[in-house]
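> Have a look at this one.
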Amino acid sequence: MTYDFAATAQEWRFRVRAAFRDLGGLARFATQLPTASGHCHCPATIAVPPPPAGHRPAGDVSGSDTPVLLVHGYLTTEQCWGPLLHRLHRSGFRHTSCLRYNTLTTGIPEIASALARASRAAMDRTASGGVHLIGYSLGGLAVRYAVQHLGLAANALSAVTIGTPHQGTSWAKAALGPAAAQMCPGSEVLASLPDLAVYHQVRWLFLYSDCDPVVPPASATAGRPADAVHVPGRGHLSLLTASRTAELVTTHLCRADFAAAMGVTRRLPDAA
C-alpha cells in the first residue's frame, strides 16, 4: 500500500485556504449578529429590486418575470445574499426577495410557512406561474420543507440549496434554538422529509464543498449526487459568496425558466 503525500498536502492546502476564507466571512457576518438574533420576531419578506437601468453594468439580459425568493441560514441575515443578488440581477431576474427571520427563535416549519406565503404573494404580484427558491444552509431545509410539505412543488420551477444539512450536521448539537435542534441528525423534522425522487417539475440543485467543515458532502447532496455540484476549495461561509456559486445558481434558474417555457418536466434519477 502506498501513501500519496503530495495529494494529501494539496488537500490540506485547500482546507487551510477554505478556513481563511471562512474567517473573512465570519468577520463580515459578525456585524449581522445583532440583527440575526434580535429584533426580527416574525418572518418578513424584503424585496430587493435590481438597480435602475442607468446604474446597471453593460451586458444585462432582457429579464425574467419569475420571482426569486432567497432564505438565509443560521446566524446570518438577508445581507449575506449580496454577491448572488448582484449576479441574479445581471442575469435578468428582476423580482428578487429575501426572507428575514430570527434564527434563534424560529423553527424550520415556521420559516417554511412564511416562505410558502411569500412565494404565493410574489407569484400573484408578478402574475407568474412559478417561483425560484434558493436556500443557504438552514434556509435550504426551509425550502425543502415548503416544497415537500406545504404545496410549493406545484409552483417551484427550481429549488437550490447551498451547503444545506439535508441529513443533519453534528455542529447543530452545540447551537441554540428550535431550528438548531431540527438540524441535528435524526431529528423529527429531517425524518419527515420524503426522498426527493418524486415526479414533479421542480428542478433541484445541491451545491456543496468537500472543504466545508460544518456540512459534509453526504449531507449537503441529500443523497442525490447526480443533482449536486461541487464548488472546490470553499468552506461553509465562503461557499455562499463564491463567484462559481453565483454562476451555477443563475445558470440553473435560467435553464429552469427555459424548460418551463418549453413545457418540459423532469424526474430525478433513482438513488444509487
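> For residues that are surrounded by fewer than 24 Cβ atoms within 10 Å (Cβ to Cβ) and within 23 Å of Leu239 (Cβ to Cβ), tally how many sit in the stretch 124-155.
Total meeting the criteria: 0.
> I've got another one for you. When you go through (1) touching a His at 6+ places or on another chain (Cβ under 9 Å); (2) buried (at least 24 other Cβ atoms within 10 Å of the Cβ) one by one for Gly223, which number turns out not to apply?
Every listed condition holds for Gly223 apart from (2).
> What are the pairs, 6+ residues apart or on separate chains, where a residue within the stretch 48-68 that is over 16 Å from His95 (Cβ atoms) has its Cβ under 8 Å from a residue that is at pLDDT 80 or above?
Note: pairs meeting the criteria are Pro57/Arg90; Gly59/Arg90.
> How many residues are closer than 17 Å to Thr77 by Cβ and not in a loop (DSSP other than H, G, I, E, B) if we restrict to the stretch 90-109?
Number satisfying all stated conditions: 5.
> Just wondering, is there one or more residues in the stretch 8-26 that are aliphatic (A, V, I, L, M), touching a helix residue (DSSP H, G or I) at 6+ places or on another chain (Cβ under 7 Å) and at pLDDT below 55?
Yes, the conditions are met somewhere in the stretch 8-26.
> To continue, here is another question. Are there any strands (runs of 3 or more DSSP E) wholly within the stretch 148-247 with 1 or more residues that are modelled with pLDDT of 95 or more and closer than 25 Å to Arg117 by Cα, and if so which?
156-162, 203-208
The values are calculated or read from the model by the stated rules, or taken from the named source; none is laboratory data. In this text the structure is predicted, and so the values were computed from the model without any measurement. Glycine also receives a Cβ, built like all others from the backbone with ideal geometry; neighbour counts cover every protein chain displayed.
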